[in-house]
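To start, the structure under review is shown below, and the notes come after it.
Laboratory data are not the source of any read-out in this text; all were calculated from the coordinates shown. Please read these numbers as outputs of a predicted model, since none were measured by experiment. Cβ: placed from backbone, ideal geometry, glycine included. Neighbour counts: every protein chain shown.
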Amino acid sequence: MTVMDGLIAGAERTCAESGAVATIIRTAGSFELPIIAKACAGSGRFDAVVALGVIIRGDTPHFEYVCSAAASGLSQVALETMVPVGFGLLTCDTEAQALDRAGIDGSSEDKGAEATWAALSTLVALRALHAPASL
């Protein structure tokens, strides 16, 4: 829970700093991220989507299946809908690695903020591409 709280806090902070409005929608797990992202991206209500989650490797191949499906699904959502999808899914070997990327006190990285920034900057770039040509 600490990791997700940190990721969400980083995303919310980045939204607030940029003037974007954040809507938090929780899923049962990381495998469910693509379908919720697709619903959000296709709804017309959101200009960008940020998918946040954490998967910590266990002793079975389940880790690879879930990581692969979530990453592929989120990429597919962005390409099919042309809505930016920030990828903030941590795929770590240990809980310590996840905590170090969660944007909490003592973390070396803030992947929630980074994924949000990536989605927002992609949105700006897409809007620039669709703007009327200047002379």
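At 7 Å along Cα-to-Cβ for each site, give me the label-to-label distance between Ala22 and Arg45 in nm.
1.8
Could you work out the local net charge near Asp110, counting Lys and Arg as +1, Asp and Glu as -1, over the other residues with Cβ closer than 10 Å to its Cβ?
Working: positive: Arg13, Arg101, Lys111; negative: Glu109, Glu114.
Neighbourhood net charge equals +1.
Match the structure shown to one of the listed values [x] 26, 18, 12; [y] 32, 18, 13; [z] 21, 19, 15 of semi-axes √(5λ) of the Cα gyration tensor in Å, computed from it, and give that label.
The calculated read-out lines up with [x].
Once phi is turned into ³J(HN,Hα) by the Karplus curve 6.51 cos²θ - 1.76 cosθ + 1.60 with θ = phi - 60°, what whole-Hz value does each residue of region 101-117 show in order, with x for glycine and proline?
Those phi angles translate into 10, 7, x, 9, 3, x, 6, 8, 9, 10, 5, x, 5, 4, 5, 5, 4 Hz.
At a Förster radius of 25 Å, what calculated FRET efficiency corresponds to the Cβ-Cβ distance of Ile36 and Ile56, to the nearest 0.05?
My answer for the efficiency is 0.75.
Under a 10 Å cutoff between Cα atoms, tell me which one of Arg13, Arg45, Arg101 has the largest fluctuation in the Gaussian network model of the chain.
Judging by the Gaussian network model, the answer is Arg45.
Counting only residues 5 or more places away or on other chains, whose amide H sits under 5 Å from the amide H of Leu90 once H atoms are built in the peptide plane?
Correct list: Gly53, Val54, Ile55.
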